[in-house]
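Below you'll find the structure, written out as structure tokens, and then a few comments.
The values are calculated or read from the model by the stated rules, or taken from the named source; none is laboratory data. Here the structure is a predicted model, which is why all the values come from computation and not from measurement. Neighbour counts run over all protein chains shown; Cβ positions are idealised from the backbone, glycine included.
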Amino acid sequence: MTTPKTTLQIFWTILGLSFVCLVINLPSEIPVKLHWQKINWEHTFYRPSFKFKIGNFNLNPRLDLRYGLDLAGGASLIFNVDTSKAKKEDLPIALESLKGNIERRVNLFGISESSVQLSRQGADHRLTVDLPGIDNLDSAVNLIGNTARLTFMGEATISAEATSSATFYDVFSIDTGLNGSHLVRSAVAINPNTSEPEVSLEFNSEGAKLFEQATSKFLNRRIAIFLDEIPITFPVVQTVIPDGRAVINGNFDTKSARALTAQLNAGALPLPINIIQQTQIGATLGKDSISKGVRAGLVGLALVMIFMVANYGFLGLVANIGLIVYGLITLTLYRLIPVTLTFPGIVGFILSVGMAVDSNILIFERMREEIRRGKPWNAAMEIGFGRAWDSIKDANTCTIITALVLFNPLNWSFLNTSGMVRGFAITLLLGIFISIFTGVFVTRNLLRVLAKQKT
Amino acid sequence: MNFMKFRPLFLAISSTMILVSLFSIFKWGFRPSIDFAGGSVWEIKTPNLSDQSKITIVFDDQKIPLSSVSPAGDRQYLLKFANIDQAQKKSLEEALKKVDTDFSELRFETLGPTLGKELLRKTIAAIILSSLALLLFIGRRFRDFSFGASAVLAMLHDSLILVGAFSLLGHFFGAELDSLFVTAILTTLSASVHDTVVTFDRIRELRRQDYRPDWVDLANRAISEVIVRSFNNSMTIILMLLSLVVLGGQTTRWFAIALLIGVICGTYSSTAVAIPLVLFWKKHRQK
């Protein structure tokens, strides 16, 4: 029997695809050292980077596996947002700007993959902050969790004899009504004339009005800015500012200007928040989990492969090749999408390996039946794949339904939104689709090519 | 082979398991992890400390009641206690540093009790939602409502037994109910239905060849044809999970055990619960 041309083409495509996946899954650097008698050869191979440039579209995928907090280590904080004092119509904007402010605060840490997410639980609003790699929970909680209160106080006129005994708080005792909720943002700017750094402030419309009043009232006097009752700066008002945009200049260098902006931004929390959950996972624990999970996965995989060969012989061997292709494609997709791997995610992956084999078992049992009924091997194979397809389709649709309920793609608030359960659902979901592809399409074509002599 | 003659036996096994589960759930309840009860978990490493009683003494000194100390690897301990604030934690750290200079923190979690209740509510919502979706899907695919209902009932049977088993394991071996367990229940749902649908599918196929089907005979033939597949398939998943139980480490051991119980239950229930239920349904309708 000859193999049709299309089958051969599919066969080579599968091989090519597997090879590409294999390359993507290589570590980014592979040092090779050869020392054998007189040969001394050392070379470090680098994984090719997959840079594409099509027109203005730049693709430079970072092909590293991403690990979630439970594996990489880090801190995760969940805050409850106190919305009791906010007006209902302002709430969406207040929440968004809260999120933005927290993100700015988090960025002070300089963590690349931090994430800030809002979620809703019935009437409650939650804010989840993930800080991978952070090992100092206290400073994180302090920076993010404490509702810093920003106030603007005008300088009072104090009689000359009282000046000596007056404290700072006596001097700046006139509340301008401005506070952190009026500040939209603060940034570092460079003065075009003096080329010295200064700090710019931008107020919202209500804040702009108050600021105009304050600047006219305290013209040529000072306004102190307090962060949690601690004065951080007290610039002299030089002009009346009507548009809500102000700059503070003075003896700033870039560093102190940046520090002041950070403090000002940190003070501008529109809604109070309080912490309800904190998690910290050390990096060593995470590494331990990864290595244990990977070891368990490999041992399990080896056992499954032995089981398949023991049960189905040559067919099992082909199914195992399909399984390896399955593993390669899955890992490649984890890198490309990218999927953030958590421990439940690894479990989902391990479980989906079991399910990938299921399609093959269904098919092979079907083939055996047909062979028992006296069909020739090749015909039995095609019938087996055809008949088993119905069962595979229905059974996997059911798994997809549950995985979707777990993944909760529409973010329904009555269903789970936690990263743990979702991490599991996403790997399970991916696993089902890829396993249908490898278990049915790949093994079928491998069998068509490899088993041509078997008739 | 006449599997259906074992129906009384299946009924006896299933009702015993369900009764034991219900008994354990109501009598002993669960051992909730901090995911459900609220509290703190602290995993620490004390390389120079051979005796965990010193840790207990530190906690006693600070007047923070420890609810449990369990070893988690080589000179690593998992401590559980009520919620503490940052100042309390700091003084604990300092006190522990005095006992062991190389003391280090591996993991620290605190959780308010509200999150656990939410999780429970959401899990029930997820079970109801997926039950309804599966009922509709299977009912439509097999053009027979009794198939959908039986599959869903078998699936609920499995999750009830799994929950019961965890109540028992919690009572006797200290297994805790945590958010991973929720994932395990939902996986059991899908694994159970997966298996049931394959058997149903075979019944549907065989039925096409019969004009007036004898349902019992049909069921027996279908089961005989798929039982090897069912067994082999479960074996592969069991092999994967067993390696996870043995090699996967402390934090996910109970999770893997829960999945293991779920998978075994799911394989059993498609033959022993779902099919008999369909037959029961058919018999009733014929009368």
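Structure data summary
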| item | result |
| --- | --- |
| Where a residue in segment A:125-151 is modelled with pLDDT under 70 and small (Gly, Ala, Ser) and its partner, wherever it lies, is part of a loop (DSSP other than H, G, I, E, B) and crowded, with 17+ Cβ neighbours inside 10 Å, with Cβ under 7 Å and at least six apart | A:Ala148/A:Leu269 |
| Residue in segment B:7-19 that is among the β-branched types (Val, Ile, Thr) and surrounded by 15 or more Cβ atoms within 10 Å (Cβ to Cβ) present | no |
| Complete set of residues in segment A:363-402 that are at the interface with chain B (Cβ under 7 Å from one of its Cβ atoms) and within 15 Å of B:Ala191 (Cα to Cα) | A:Ser391, A:Asp394, A:Ala395, A:Thr397, A:Cys398, A:Thr399, A:Ile401, A:Thr402 |
| Residue pairs meeting the criteria (Cβ under 6 Å; at least 6 apart or on separate chains; first without any contact (Cβ under 8 Å) to a residue 60 or more places away in the chain and over 16 Å from A:Val440 (Cα atoms), in segment A:303-325; second hydroxyl-bearing (Ser, Thr, Tyr) and assigned to a helix (DSSP H, G or I)) | A:Val304/B:Thr236 |
| Of the criteria (1) surrounded by 20 or more Cβ atoms within 10 Å (Cβ to Cβ); (2) away from chain A (no Cβ under 11 Å), which one B:Val216 fails | (1) |
| Unmet requirement for A:Arg105, which otherwise passes all of (1) in a helix (DSSP H, G or I); (2) at pLDDT below 70; (3) within 17 Å of the chain's Cα centre (by Cα) | (3) |
| Given (1) modelled with pLDDT of 75 or more; (2) over 30 Å from B:Leu279 (Cβ atoms), index of the condition B:Ile34 fails | (1) |
| Single unsatisfied condition, B:Pro65 versus (1) away from chain A (no Cβ under 13 Å); (2) surrounded by 13 or more Cβ atoms within 10 Å (Cβ to Cβ); (3) not aromatic (Phe, Trp, Tyr) | (2) |
| Residue in segment A:425-443 that is within 7 Å of another protein chain (Cβ to nearest Cβ), closer than 19 Å to B:Val193 by Cβ and of a type in the set (Gly, Ala, Ser) present | no |
| Sole residue being modelled with pLDDT of 75 or more, surrounded by 19 or more Cβ atoms within 10 Å (Cβ to Cβ), β-branched (Val, Ile, Thr) and not in a strand (DSSP E or B), chosen from A:Val294, A:Val325 | A:Val325 |
| Residue check for A:Gly348: in a helix (DSSP H, G or I), at pLDDT below 90 and more than 10 Å from chain B (Cβ to nearest Cβ) | no |
| Residue check for B:Ile161: closer than 25 Å to B:Ile257 by Cα and within 13 Å of chain A (Cβ to nearest Cβ) | no |
| Residue that is surrounded by the most Cβ atoms within 10 Å (Cβ to Cβ) [pool: residues in segment B:117-143 that are closer than 30 Å to A:Gln277 by Cα and facing chain A (nearest Cβ under 7 Å)] | B:Ser130 |
| Scan of segment B:174-211 for residues that are of a type in the set (D, E, K, R) and either more than 9 Å from chain A (Cβ to nearest Cβ) or outside any helix (DSSP H, G or I) (or both), ordered by number | B:Glu176, B:Asp178, B:Arg207, B:Arg208, B:Asp210 |
| Options B:Ala82, B:Ala87, B:Ala95, B:Ala72: the member that is within 12 Å of chain A (Cβ to nearest Cβ), surrounded by 14 or more Cβ atoms within 10 Å (Cβ to Cβ) and among the small types (Gly, Ala, Ser) | B:Ala72 |
| Residue within segment B:81-92 that is among the polar types (S, T, N, Q), in contact with a strand residue (DSSP E or B) (Cβ under 9 Å, 6 or more places away or on another chain) and at pLDDT below 80 present | yes |
| Residue check, B:Gln52 surrounded by 14 or more Cβ atoms within 10 Å (Cβ to Cβ), more than 28 Å from B:Ser179 (Cβ to Cβ) and at pLDDT below 80 | no |
| Scan of segment B:204-232 for residues that are closer than 17 Å to B:Ala151 by Cβ and under 29 Å from the mean Cα position of the chain (by Cα), ordered by number | B:Ala219, B:Ala222, B:Ile223, B:Val226, B:Ser230 |
| Count of segment B:123-155 residues which are of a type in the set (Val, Ile, Thr) and farther than 28 Å from A:Arg422 by Cα | 0 |
| Count - residues of segment B:222-237 that are within 8 Å of chain A (Cβ to nearest Cβ) and either in contact (Cβ under 8 Å) with a residue 12 or more places away in the chain or closer than 19 Å to A:Leu298 by Cβ (or both) | 7 |
| Index of the failed condition, B:Leu180 passing every other in (1) closer than 17 Å to B:Ala151 by Cα; (2) touching a residue at least 60 places away in the same chain (Cβ under 8 Å) | (1) |
| Verdict on B:Phe147 being of a type outside the set (A, V, I, L, M), touching a Phe, Trp or Tyr at 6+ places or on another chain (Cβ under 9 Å) and within 14 Å of another protein chain (Cβ to nearest Cβ) | yes |
| Unmet criterion (only one of (1) within 30 Å of A:Ser76 (Cβ to Cβ); (2) more than 8 Å from every other protein chain (Cβ to nearest Cβ); (3) out of contact with any Asp or Glu (no Cβ under 7 Å at 6 or more places or on another chain)) for A:Ile306 | (1) |
